[in-house]
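Okay, structure first, notes after.
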Amino acid sequence: MKLSSGTVARVIVFLAVATAAGFGTTDAAKIHRHRWDVRYEFKSPDCYKKLTITINGKSPGPTILAQQGDTVIVEVTNSLGTENLAVHWHGIRQIGSPWSDGTEGVTQCPVVPGDTFTYRFVVDRPGTYMYHAHYGMQREAGLYGSILVSLPDGEVEPFAYDYDRSIILNDWYHKSTYEQAAGLSSVNFVWVGEPQSLLIHGRGRFNCSTVTTDQSVCNVTSPECLPYFFTAVPGKVYRLRIGSLTALSALSFQIEGHNMTVVEADGHYVEPFEVSNLFIYSGETYSVLVKADQDPSRNYWMTTSIVSRNSTTPPALAILNYYPNHPRRSPPTSPPVGPAWNDVEPRVEQSRAVKAHQGYIHTPPPKPDRTIVMLNTQNRINGRIRWSVNNVSLDFPTTPYLISMRENIKGVFDPKPTPDTLLGYNNYDIYSVANNTNATAASSIYRLKFNSTVDVILQNANTMTKNNSETHPWHLHGHDFWVLGYGIGKFDPEQDPKKYNLVNPIMKNTAPLHPHGWTALRFVANNPGVWAFHCHIESHFFMGMLTAFEEGIEKVGKLPSEIMGCGRTRGHSRP
């Protein structure tokens, strides 16, 4: 059988990346084993040297490559010295393995320094996913990477391309997560502020001339902060897998002189549509097709910039290198300017444009069994600023929910359910600074009937600052949800459900909640376990902007002993 040049090229690229990632290259390899040593090292991703969490010496960490249906085993050794650790496999549903979700306080006890924890899970569908730390605020310290799952042999995607590339976008702070966490949890509140840099696949550029103290910590000639680039052969089509793991920032990504065709979102095929810039929120992944059809005598800028915040952080720059130009040759033009930070309408339009690809539509159930309206508010609780859902800010129990519920350990979390709707919601003014004096911090969560259909209406409101409402990307563990609709203003439970897209809604695991707006989601509670649902902004999550869903806990298999060791699980033995 003769392969096309495009197929041969994809095979060569896949084998090259697989070899670099430590994968075997035989067709029979269906179990992928990784051994990771996680430790702090000094790195200069934006030319400024700081302690960074690395995996086997690298940040971003190694890319995990697998085929649909394969098993991935990752042995993670915590060599951080003084910090616990947990790793979440973002977008992997963990069907049959909820204890490997990697969510400290929800599905496991953290991995203590010196210990090794083994994550085992099946990648049950193809697509673009990520992994990252899920303990404290460690994600923004550098522990993150990509998971790329390919189709089974003989199956093809509903779009064609010649080469496959992936990048992760990130924002970067120079302060440690300890300093940030101390400021956020203090009565004398200290906000984390805007990031110092943006990174394109672990590389950015900080203005070292602004360092007035120890100038040796910032070196613009460091090879670690040379711009990221990928080389394009003129005339070829590239699948660019773009993921965002920002700690705070919503982003716009653009490639000078090139449009992008969106074809995948969070592992689901998208009815293709073209954009000049891609809006992407923390926790989201997209695949876009880019054709190298411009003047081949020069290189082109790739840039990412912050939207939804009036940020002082400069854009990040990378290079689309047209072969055979030198990859470090700067483009002859100025980088493209991103969209206005406060222009909400085009961001909402893109959100609404993401629909399921014809032929790959998973039709949602026609109506829900339960509707939960989650009002997102910022409150002051016991003198501290917190984020809340229906005026409840979550405090993790010291014993993870999955263990206490499955092992029937009593008295470790608040059994009082979180309300499905805020009392007095009908009269709540989302455009004003609310008093919310009845807001509380609690460890209560939602308990769902197994196999029931659940609607979640995320409703944004004003913060404690006048005329301000922030963008919140919400991520659900253990599931994909249908995105039924977006709206600006207050959700109308009588009229707005009539506008839901029940024909071809996209399924995702992360979706944005726009300023002073609402987002309607639907999912089926059919994955036994306890699953976190939270804002993917690191500081908002740390300040309590999350909840969890329990479903079918009695159907969860025998828990591995290695997820225990904290709270009431110390010394716990099964009958």
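Tabulated data for the structure shown
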quantity	calculated
For the range 77-94, Karplus couplings with θ = phi - 60° (6.51, -1.76, 1.60), whole Hz, Gly/Pro x	9, 8, 10, 6, x, 10, 10, 6, 7, 8, 10, 9, 9, 5, x, 7, 6, 6
Isolated Cys residues of the chain, judged by Cβ distance under 4.7 Å to other cysteines	Cys535
Set of lysines with alpha-carbon distance to Lys355 below 22 Å, sequence-local pairs under 8 removed	Lys367, Lys498, Lys499, Lys508
Rounded to the nearest 20 debye, dipole of the range 307-353 from Cβ charges on Lys, Arg, Asp, Glu	220
Euclidean distance between Cα centres, the range 312-389 to the range 184-205, Å	18
With Cα atoms, 0 to 90° folded angle of helix 5-21 axis to the chain main axis	60
Glu562/Phe450 FRET efficiency (R0 25 Å; Cβ-Cβ; nearest 0.05)	0.40
Pair Asp214, Asn468: separation of 7 Å Cα→Cβ label points (nm)	3.2
Cα-based shape type of the range 124-234, given that a ≥ b ≥ c are square roots of the gyration tensor eigenvalues and the cut on a/c is 1.5	oblate
Calculated FRET value between Asn259 and Asp37, using beta carbons and R₀ = 56 Å, to 0.05	0.85
Extension gain (nm, one decimal) between Tyr323 and Arg120, 0.36 nm per residue minus Cα-Cα	69.0 nm
Principal axis dimensions, the range 358-471 - Cα atoms, whole angstrom, descending	46, 42, 24
Which of Thr103, Phe117, Val156, positive extreme of dipole for the chain (C-beta unit charges)	Phe117
Per-peptide average of other Cβ atoms within 10 Å, ordering 242-248, 50-56 highest first	242-248, 50-56
Karplus 3J(HN,Hα) series, Hz, for the range 190-207 with 6.51 cos²θ - 1.76 cosθ + 1.60 (x for Gly, Pro)	10, 6, 5, x, 7, x, 6, 8, 10, 10, 10, 6, x, 9, x, 8, 8, 6
Spatially proximal lysines relative to Lys58 (Cα-Cα < 17 Å; intrachain offsets below 8 disregarded)	Lys43, Lys49, Lys50
Cα-centred dipole magnitude for the chain, charges only on beta-carbon of K, R (+1) and D, E (-1), debye, nearest 20	480
Estimated dipole of the range 367-524 in Debye, rounded to 20 [Cβ of Lys and Arg +1, of Asp and Glu -1, Cα centre]	160
Local electrostatic count at Arg165 - Lys and Arg +1, Asp and Glu -1, tallied over other residues with Cβ under 10 Å	+1
Förster radius 45 Å - calculated FRET efficiency between Ser297 and Ser185, Cβ distance, rounded to 0.05	0.25
Reachable aspartates and glutamates, given that their alpha-carbon falls under 12 Å from the alpha-carbon of Lys558 and they are not under 8 places away in the same chain	Glu407
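Each value in this text was obtained by applying a stated rule to the coordinates, not by laboratory testing. Bear in mind that the values here come from a model prediction, so they are computed numbers and not experimental data. Virtual Cβ from ideal backbone geometry, glycine too; neighbours counted across all protein chains shown.
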